[in-house]
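My questions will all concern the structure given below.
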Amino acid sequence: TIYNFSAGPAVLPKPVLEQAQREMLDYQGSGMSVLEMSHRSKEFDNIIKEAEQLLRELMAIPDNYKVMFLQGGASTQFTMLPLNLAKGRKAYYLVSGSWGKKAYTEAVKLSKTIDFQPELLASSEATVYNHIPTFDAATIDPDAAYVHLTTNNTIEGTTIYDLPDTNGVPIVADMSSNILAVRYNVADFGLIYAGAQKNIGPAGVTIVIVREDLLNDEPVLSSMLDYRIQADNDSLYNTPPTYGIYMARLVFDYVASLGGVDAMQAKNIEKANLLYDFIDQSEFYSNPVEIKADRSICNIPFVTPTDDLDKL
């Protein structure tokens, strides 16, 4: 037996793979595979609309939020966010892991050519990201564009469950590795983005959920990187990752059949506690996360007593 613990592209549910297998050569009597289907066809129009509606139901997404299925992975959002939201303004970054640092580093690089000011709000890099850093909300300019954070740190095994006070500034969240695994109130965020390959489907699709009033009014550098254009075209400005969206829809169906996000969270807590309990009582293994309340229920790192054994 092979056990796949990859964080992404991650395991897909067997029933989802079996359904995709059954429909591979002929999708619902169309005579075509979804792989070769026009993104303008009636069949695919139904697929993408159903995918959006299912995600809205699973996450309880309010009507004043747009849902987009984009390309380029979550990493492209590191650029799209300031391009669309932060022109001429400040943007704050809470760096609690490797991906948060990449987002901040990309913002700093972009600020050399685009007029905006990225600010490092707090970082736990000095302690190898073994906790979620804290900050004083009063230090945040209330006129800033957003506060960026990562809800779950895949590599370091920490999670933000209770959102911090951001002095009224919209929160932008990279939710790539715990979307649909932990319940969040979407209305608490200005924008959520997530690469699909951890909890939603195969690599190639990026989910963006954005409050409509935050959509940019002025065109940005590239139409492909323009939230307004992508939203106005219902994710069909160019050919989207059609098969990935189809697979995402199957996963959304599967999650709903298990009882939705709340049921997934309960299952994840049960599984995580089994592993944490074992690690905590072990005299050999330990969990590097300093504060238990910060522990991820999705990604559980463990180390041995020595660096040499860790490498081995």
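How would you order 253-259, 119-125 from highest to lowest mean count of nearby Cβ atoms within 10 Å?
119-125, 253-259
Could you work out the relative contact order of the chain, using alpha carbon pairs under 8 angstrom and six or more residues apart, expressed as a whole percent?
Relative contact order comes out at 23 percent.
Determine the percent antiparallel among the DSSP beta bridges restricted to region 115-226, to the nearest 5.
If I count the DSSP bridges inside region 115-226, around 50 percent turn out antiparallel.
Could you work out which residue, out of THR159, THR127, THR150, moves most in a Gaussian network model of the chain, that is, has the largest mean-square fluctuation with Cα springs under 10 Å?
Highest fluctuation among the options: THR127.
Would you rank MET247, MET32 by solvent-accessible area, highest first, keeping every protein chain in place and using a 1.4 Å probe?
MET32, MET247
Still on this structure, please answer the following. Would you calculate the separation in nanometres between label points at SER98 and ALA7, each defined as 7 Å from the Cα along the Cα-to-beta-carbon direction?
Modelled inter-label distance: 0.6 nm.
Right, another one. Strictly greater than 34 Å: what percent of every Cα pair in the chain meets that?
Looking at the chain, the distances longer than 34 Å represent 25 percent of pairs.
In debye, nearest 20, what is the charge dipole magnitude of region 71-173 about its Cα centre with +1 on Lys and Arg Cβ and -1 on Asp and Glu Cβ, if you could check?
Here the size comes out at about 400 debye.
Can you give me the relative contact order of region 196-255 as a percent, contacts being Cα pairs under 8 Å and 6 or more apart?
39 percent
Which of the peptides 39-52, 162-175, 87-100 is most tightly packed, and how do the rest follow, going by the mean number of other Cβ atoms within 10 Å of each residue?
Per-residue mean Cβ counts within 10 Å order the peptides as 87-100, 162-175, 39-52.
A further question follows. Which whole-number percent is the relative contact order of region 13-75 (Cα, under 8 Å, 6+ apart)?
13 percent
Counting heavy atoms of the protein chains only and a 1.4 Å probe, report the per residue accessible area for the chain as a whole number of Å².
49 Å²
Let me ask something else. Where does the charge balance sit around GLY157 when Lys and Arg score +1, Asp and Glu -1, over other residues with C-beta under 13 Å from its C-beta?
It works out to a net charge of -1.
Just check region 146-248 against the gyration tensor rule for me: Cα atoms, a ≥ b ≥ c as the square roots of the eigenvalues, rounded for a/c under 1.5, and otherwise prolate or oblate depending on whether a/b exceeds b/c.
In terms of gyration-tensor shape, oblate.
Also, I was wondering about something else. Using the Cβ atoms and a cut-off under 14 Å, what net charge is assigned to the surroundings of ARG40, where Lys and Arg are +1 and Asp and Glu are -1?
Summing Lys and Arg as +1 and Asp and Glu as -1 gives -2.
For a quick size check, give me the Cα extents of region 247-307 along its three principal axes, largest first, whole Å.
44, 20, 17
Turning to a different aspect of this structure: ASP310 to SER223: FRET efficiency via 1/(1 + (r/R0)^6), r the Cβ-Cβ distance, R0 45 Å, to the nearest 0.05?
Efficiency at R0 = 45 Å is approximately 0.45.
So, with a 1.4 angstrom probe, what is the percent of accessible area on region 149-238 that is carbon and sulfur?
46 percent
Looking only at the chain, where both bridge partners belong to it, what percent of the DSSP beta bridges are antiparallel (to the nearest 5)?
If we restrict to bridges inside the chain, about 50 percent are antiparallel.
Could I have the simple spin-label model distance between THR134 and SER38, label points 7 Å from Cα toward Cβ, reported in nm to one decimal?
5.9 nm
Please work out the C-alpha center-to-center distance from region 211-286 to region 82-130 and express it in whole Å.
A separation of 22 Å, based on Cα centres.
For region 34-183, what does the alpha-carbon gyration tensor say about shape, rounded, prolate or oblate, given a ≥ b ≥ c as the root eigenvalues, a/c under 1.5 as rounded, and a/b over b/c as prolate?
Prolate shape, in that a/c is at least 1.5 and a/b is the bigger ratio.
Ranked highest first by the average count of other Cβ atoms within 10 Å around their residues, in what order do 262-269, 22-29 fall?
262-269, 22-29
The values are calculated or read from the model by the stated rules, or taken from the named source; none is laboratory data. Quick caveat: nothing in here was measured; it's all calculated off a predicted structure. FYI the Cβ positions are ideal-geometry reconstructions off the backbone, even for glycines, and counts take in every protein chain you see. Side chains are part of the model used for accessible areas, which takes the heavy atoms of the whole protein and leaves out ligands, DNA and RNA. Shrake-Rupley method; radii C 1.70, N 1.55, O 1.52, S 1.80 Å.
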